[in-house]
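The values are calculated or read from the model by the stated rules, or taken from the named source; none is laboratory data. What you are looking at is a predicted structure, and each value in this text was computed from that prediction instead of being measured. Methodologically, a virtual Cβ is constructed for each residue, glycine included, from the backbone with ideal geometry; neighbour enumeration extends over all protein chains shown.
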Amino acid sequence: MSVFLFFLFLFLLPLISIFLNVFKRPKWKLPPGPKKLPIIGNLHQRGKLHPRNRRNISEMYGPVVHLQYGFIPVVVVSSKEAAEEVLKINDLECCTRPEAAGMRATFYNFKDIGMAPFGDEWSLMRKLSVVELFSVKKLQSFKYIRDEENDLFVKKISEFATRRSPVNLERAVFTLVGNTICRIGYGINLYECEFFDEESVVDLVLKAEAVIRETVFSDFFPGRIGRLVDRISGQNKRLNNKFSEVDTFFQNILDEHLKPGRESSDIIDMMIDMKKKQEKDGDSLKFTTEHLKGMISDIFVAGIGGVAGITLWGMTELIRNPRVMKKVQDEIRTTLGDKKERIKEEDLNQLHYFKLMVKEILRLHPTTPLLLPREASSHFKVQGYDIPAKTQILVNLYAMGRDPKLWENADEFNPDRFLDSSIDYKGKNYELLPFGSGRRICPGMAMGTMLVELALLNLLYFFDWGLPEKDEAKKIVTRDGEETFLAYFQVLHH
Ligand code: HEM
């Protein structure tokens with residue numbers, strides 16, 4: 001009998017929903033958007049609505065678009081004015097993050113900085129990271145690590161050049177960035193590490209990113225029934241299995257920090273000391289193993305993928321645009337001369353066009369094309385539309401970076417556009433927000449840009465570049481349905 005009732009309920013559910021939708025008086029003036037089906041809303045169109053295509057939805061419905069993914073209302077914002085209303089005027093109302101299973105697994109129940117709900121724990125972790133990892137003083141103190149890693153990087157590429165073999169630049173850049181960030185963040189040198197092969201950084205980052213993208217039933221139908229479906233269908237188990245290799249790596253990093261007699265004092269050591277003190281003092285806020293692994297995960301996942309991706313997109317765009325490549329290399333070589341044996345960080349300060357080129361990469365290839373999702377903690381308005389509490393908010397950096405109303409020849413890679421422009425990427429110009437803005441702006445911005453600039457400067461000063469196969473430059477490479485950078489390059493001259 002109960003099975004019969006269950007199926008009857010399932011059958012009637014769409015009818016009940018249509019009935020409610022027809023007779024429900026709209027309380028809010030919601031933004032426009034594509035037609036929604038009963039119960040699933042726009043879920044069936046989710047594939048079509050990925051960043052590149054979201055440009056089309058903003059062309060069709062305007063700069064603020066309302067979608068419904070199952071029970072989750074989503075608003076996609078894609079104009080400079082709307083982004084400013086969200087991230088500046090209403091920053092406080094939308095500086096918490098929504099929950100999703102992939103994020104929950106990767107960031108240890110949201111006990112990290114990036115996906116933690118807005119509140120005391122997030123604030124404490126963020127402040128700690130600003131002091132122990134991202135401050136100007138700390139950034140300066142890690143200079144020797146960046147120097148050593150970039151020297152090694154140049155040496156490795158020179159070996160490829162001598163052998164005249166193609167360079168897997170994707171692997172080389174991920175290894176450079178991965179080892180630099182692991183040394184800075186956890187004091188672990190992957191070249192000397194027993195539990196990890198440094199060449200596997202790219203594979204591990206891709207695995208973590210795949211878990212983040214994974215969705216389960218309860219992401220769209222939260223609550224007890226959603227969770228039950230996840231469990232019965234084995235989706236949660238599958239997700240955790242996928243994450244297990246990444247988790248093992250993070251656990252190994254933590255175990256290294258828990259070994260007795262350790263002398264180093266990085267941010268993870270600081271947290272372990274704080275955890276002991278909190279336990280002794282009986283503080284209401286206590287760090288757990290999840291907080292420690294959440295911080296480890298943030299540094300690895302948020303740090304490595306973004307920096308490596310931007311560097312590789314830079315090389316891809318330069319290979320596809322020989323005029324810009326020549327202009328940048330001319331500036332670098334004229335300014336720095338041709339006798340340098342190694343690049344110094346101070347060299348960056350002398351380069352103007354080079355920095356505009358980095359800005360142009362960030363405009364066209366934001367690492368998070370829809371920013372990290374925000375969630376409205378209370379009702380507010382954007383462009384006159386109501387945004388009810390619990391609405392998920394996506395800021396479409398991809399569409400804004402390529403909006404023909406904001407940029408001339410928007411799809412063209414041309415750093416010259418910034419020659420007479422004061423637009424910057426530091427969170428105050430709302431048409432260019434590769435690091436976000438407001439309270440949740442990326443705390444790793446200075447470290448991230450420094451690592452991108454150093455890698456690119458070394459690649460462009462010491463080597464001339466081509467591709468292993470003729471005409472490959474125009475080839476569109478995709479990964480998981482999205483366009484990605486070229487991986488293999490050829491040194492023509494060094
Ligand atoms: C060039 C490289 C990078 C880019 C483009 C980038 C971009 C971003 C973006 C767009 C956000 C979301 C901001 C928002 O919601 O408004 C973010 C947040 C974050 N990033 Fe970065 N990031 C980069 C490098 C790094 C590095 C090197 C680290 C650490 C080692 C890092 C750690 C974080 C953390 C912890 C957050 C979460 C902040 C919060 O929610 O309070 N990022 N990043």
Show me the helices (runs of 4 or more DSSP H) entirely contained within segment 214-265 in which 3 or more residues are more than 17 Å from PHE195 (Cβ to Cβ) and touching a Phe, Trp or Tyr at 6+ places or on another chain (Cβ under 8 Å). 224-233
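Every residue, every condition in (1) among the hydrophobic types (A, V, I, L, M, F, W, C); (2) over 14 Å from the mean Cα position of the chain (by Cα), yes or no:
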site	(1), (2)
TYR430	no, yes
LEU433	yes, no
ILE441	yes, no
MET445	yes, no
MET450	yes, yes
GLU453	no, yes
LEU456	yes, yes
ASP464	no, yes
LEU467	yes, yes
Selection from segment 56-92 of residues assigned to a helix (DSSP H, G or I), touching a Ser or Thr at 6+ places or on another chain (Cβ under 6 Å) and crowded, with 24+ Cβ neighbours inside 10 Å yields LEU87
Can you tell me which of (1) part of a loop (DSSP other than H, G, I, E, B); (2) touching a Pro at 6+ places or on another chain (Cβ under 8 Å); (3) surrounded by fewer than 17 Cβ atoms within 10 Å (Cβ to Cβ) is the one PRO32 doesn't meet? (2)
Tabulated pairs, segment 127-147, first aromatic (Phe, Trp, Tyr), second assigned to a loop (DSSP other than H, G, I, E, B), C-beta under 7 angstrom, 6+ apart or interchain: PHE134/PRO443; PHE134/GLY444
For segment 51-77, which residues satisfy the criterion of being at pLDDT below 95 and of a type in the set (Ser, Thr, Tyr)? SER58, TYR61
A careful count of residues in segment 127-141 that are part of a helix (DSSP H, G or I) and of a type in the set (Gly, Ala, Ser) gives 2
Can you tell me which condition LEU169 does not meet? The list is (1) within 15 Å of the ligand (Cβ to nearest atom); (2) under 23 Å from the mean Cα position of the chain (by Cα), and all the others hold. (1)
Within segment 212-244, can you find the residues that are in contact with a helix residue (DSSP H, G or I) (Cβ under 7 Å, 6 or more places away or on another chain), within 20 Å of PHE71 (Cβ to Cβ) and basic (Lys, Arg)? ARG227
Filtering segment 275-290 down to residues that are under 26 Å from ASN179 (Cα atoms) and in contact with a Leu (Cβ under 9 Å, 6 or more places away or on another chain) yields THR289
Looking at (1) over 20 Å from the mean Cα position of the chain (by Cα); (2) within 12 Å of the ligand (Cβ to nearest atom); (3) of a type in the set (Gly, Ala, Ser), find the lone condition where ALA83 falls short. (1)
Is it fair to say PRO373 is near the ligand (Cβ under 9 Å from one of its atoms), crowded, with 22+ Cβ neighbours inside 10 Å and modelled with pLDDT of 95 or more? no
Which strands (runs of 3 or more DSSP E) sit wholly inside segment 391-494 and have at least 3 residues that are within 11 Å of the ligand (Cβ to nearest atom) and surrounded by 15 or more Cβ atoms within 10 Å (Cβ to Cβ)? 392-395
Among what's in segment 288-311 and is closer than 24 Å to THR478 by Cβ and in contact with a His (Cβ under 9 Å, 6 or more places away or on another chain), pick the residue that is surrounded by the most Cβ atoms within 10 Å (Cβ to Cβ). ILE310
Looking only at segment 94-126, filter to residues that are away from the ligand (no atom under 14 Å from the Cβ) and not in a loop (DSSP other than H, G, I, E, B); which one of those is farthest from ILE40 (Cα to Cα)? ALA105
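Take segment 131-141 and flag every residue that is within 10 Å of the ligand (Cβ to nearest atom) and under 14 Å from MET270 (Cα atoms). Talk me through it step by step, then tell me what you get.
Our first condition is that a residue be within 10 Å of the ligand (Cβ to nearest atom); within segment 131-141, this holds for 133-134.
Residue satisfying the conditions is LEU133 alone.
Scanning for something farther than 23 Å from LEU364 by Cβ and of a type outside the set (Val, Ile, Thr), does segment 478-492 turn up at least one residue?
For segment 478-492, residues farther than 23 Å from LEU364 by Cβ and of a type outside the set (Val, Ile, Thr): present.
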Mind checking whether some residue in segment 142-156 is within 13 Å of the ligand (Cβ to nearest atom), assigned to a helix (DSSP H, G or I) and not β-branched (Val, Ile, Thr)? yes
Segment 160-200 - residue that is of a type in the set (Asp, Glu) and modelled with pLDDT under 95 and, of those, surrounded by the most Cβ atoms within 10 Å (Cβ to Cβ): GLU198
Which residues, taken from segment 297-310, are out of contact with any Asp or Glu (no Cβ under 9 Å at 6 or more places or on another chain) and more than 6 Å from the ligand (Cβ to nearest atom)? PHE300, ILE304, GLY309
Hey, can you tell me all the residues within segment 285-296 that are of a type in the set (D, E, K, R) and either near the ligand (Cβ under 9 Å from one of its atoms) or in contact with a helix residue (DSSP H, G or I) (Cβ under 6 Å, 6 or more places away or on another chain) (or both)? LYS286, LYS293
